[in-house]
Amino acid sequence: MGFWDDFSGEYESLFDRDPMYADALRIIMELVGDANRKRVLDLGCGSGTLLALLAEENPDAEIYGVDPSERMVQGCVNRFREYPNVHIAIGSALRVPLPTDYVHYAVSNLALHHVPPEDRMGCAAELARVMRAGGRLIYADMFCDVDGPVDDPARARDIILKMVGKSLYDLEHGAFETMLLHIQDIPAVIKGEGEYFTTDAVWKEHLEAAGFRGFEVIPVEPAEFGYRILTAFRK
Ligand SMILES: C[S@@+](CC[C@H](N)C(=O)[O-])C[C@H]1O[C@@H](n2cnc3c(N)ncnc32)[C@H](O)[C@@H]1O
């Protein structure tokens, strides 16, 4: 988890200045609604931005933040020391350290595009395992519209258009560092090196096979950059 370990200190301030990120968090919170007396998992919780909103809005919920980066987890442990209902643990998309049939909500923001294609089904199965029947999955991420091999020109073109568009949007909204991060990230996303963008249809197929139903895809505006929220219910 080297990259996110190195990056954990600066992370919060970067994305805080991104209006689309703020909007995605707002939509996620609306979809969760009242989670008091419920259990909520945030998979790939990072520095805990979403955990903080969840904890603030739902003082009677049990909230679980899971991330593979030791530094992110340590940061969250420190940040939520005073919150007895926020629980932080090391884990990953393939290993969530929670019992089976346990959470009422699983949320995840900008984390699961780090799951390599061969592990997507395992991730969907792990989410299905920890969720109770009827529980709601709220999965927000950057998606593309063309899936295929890394050297597929149509796929590369789609990624370039989305990421350059997002970078220009960041620049115009004063999020200079976020713009640099996105520009810098383009080759890794095209080559599938640690970042594995795919279509929401691909994730839907895996999640459906794992036992999720009632899918809805909500775009975070401006929609053309591919930031989307996929929501579904555990059968
Ligand atoms: C861009 S950050 C997003 C953090 C947070 N969800 C947010 O909204 O700010 C990506 C996070 O995904 C985590 N991550 C990377 N690979 C992961 C995996 N296989 N399973 C779960 N989380 C992962 C990283 O450690 C990092 O904290």
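The values are calculated or read from the model by the stated rules, or taken from the named source; none is laboratory data. All values reported here derive from a predicted model rather than from experimental measurement. Cβ placement follows ideal geometry from the backbone for every residue including glycine, while neighbour counts extend to all protein chains displayed.
Figure legend. Inter-residue proximity from region 142-163: first residues under 19 Å from Val220 (Cα atoms), second residues surrounded by fewer than 16 Cβ atoms within 10 Å (Cβ to Cβ), beta-carbon distance below 6 Å, spacing 6+ or different chains. Indicated pairs: Val146/Ala154; Asp158/Val146. Contact map, region 46-69: first residue within 20 Å of Pro99 (Cβ to Cβ), second residue modelled with pLDDT under 95 and within 14 Å of the ligand (Cβ to nearest atom), Cβ cut-off under 8 Å, separation 6 or more or different chains; pairs are Asp67/Trp4; Pro68/Met1; Pro68/Trp4. Scanning region 139-161 for residues that are surrounded by 14 or more Cβ atoms within 10 Å (Cβ to Cβ), in contact with a Leu (Cβ under 8 Å, 6 or more places away or on another chain) and of a type in the set (Lys, Arg) turns up nothing.
Consider region 114-133 and keep the residues that are crowded, with 21+ Cβ neighbours inside 10 Å and under 23 Å from Ala52 (Cα atoms). The one that is nearest to the chain's Cα centre (by Cα) is Leu127. Under the condition of being more than 18 Å from the chain's Cα centre (by Cα) and not in a helix (DSSP H, G or I), the residues counted in region 196-219 number 3.
Restricting region 41-85 to residues that are in a loop (DSSP other than H, G, I, E, B) and surrounded by 24 or more Cβ atoms within 10 Å (Cβ to Cβ), which is farthest from the ligand (Cβ to nearest atom)?
The first filter runs over region 41-85 and keeps only residues in a loop (DSSP other than H, G, I, E, B), leaving 44-48, 58-61, 68-69, 80-85.
Filter once more, keeping what is surrounded by 24 or more Cβ atoms within 10 Å (Cβ to Cβ): 44-48, 69.
Numbers: Gly44: 3, Cys45: 6, Gly46: 2, Ser47: 6, Gly48: 8, Ser69: 4 Å.
Going through the qualifying residues, I end up with Gly48.
Does Ala175 meet the test of being at pLDDT 95 or above and of a type in the set (Gly, Ala, Ser)? Criteria not met by Ala175.
Looking at Tyr169, Tyr139 in this structure, which one is in contact with a helix residue (DSSP H, G or I) (Cβ under 9 Å, 6 or more places away or on another chain), part of a helix (DSSP H, G or I) and touching a residue at least 24 places away in the same chain (Cβ under 8 Å)?
The conditions single out Tyr169.
Just a yes or no: is a residue in region 177-196 under 30 Å from Ala61 (Cα atoms) and surrounded by fewer than 22 Cβ atoms within 10 Å (Cβ to Cβ)? No, the conditions are met nowhere in region 177-196.
For Leu127, the criteria (1) away from the ligand (no atom under 12 Å from the Cβ); (2) not in a strand (DSSP E or B) hold in every case but one, which is (1). When region 97-108 is filtered for residues that are buried (at least 23 other Cβ atoms within 10 Å of the Cβ) and away from the ligand (no atom under 12 Å from the Cβ), the ones remaining, listed by number, are Val103, Tyr105.
Checked against (1) buried (at least 16 other Cβ atoms within 10 Å of the Cβ); (2) under 26 Å from His104 (Cβ atoms), Glu216 passes all but condition (1).
Quick one: would you say Glu193 is more than 14 Å from the chain's Cα centre (by Cα), part of a helix (DSSP H, G or I) and either without any contact (Cβ under 8 Å) to a residue 12 or more places away in the chain or under 21 Å from Tyr21 (Cβ atoms) (or both)? Criteria not met by Glu193.
Only one entry of Arg37, Arg17 meets the criterion of being farther than 23 Å from Pro68 by Cα, more than 10 Å from the ligand (Cβ to nearest atom) and at pLDDT below 95, and that entry is Arg17.
Of the residues Ala22, Ala111, the single one that is among the aliphatic types (A, V, I, L, M) and surrounded by fewer than 17 Cβ atoms within 10 Å (Cβ to Cβ) is Ala22.
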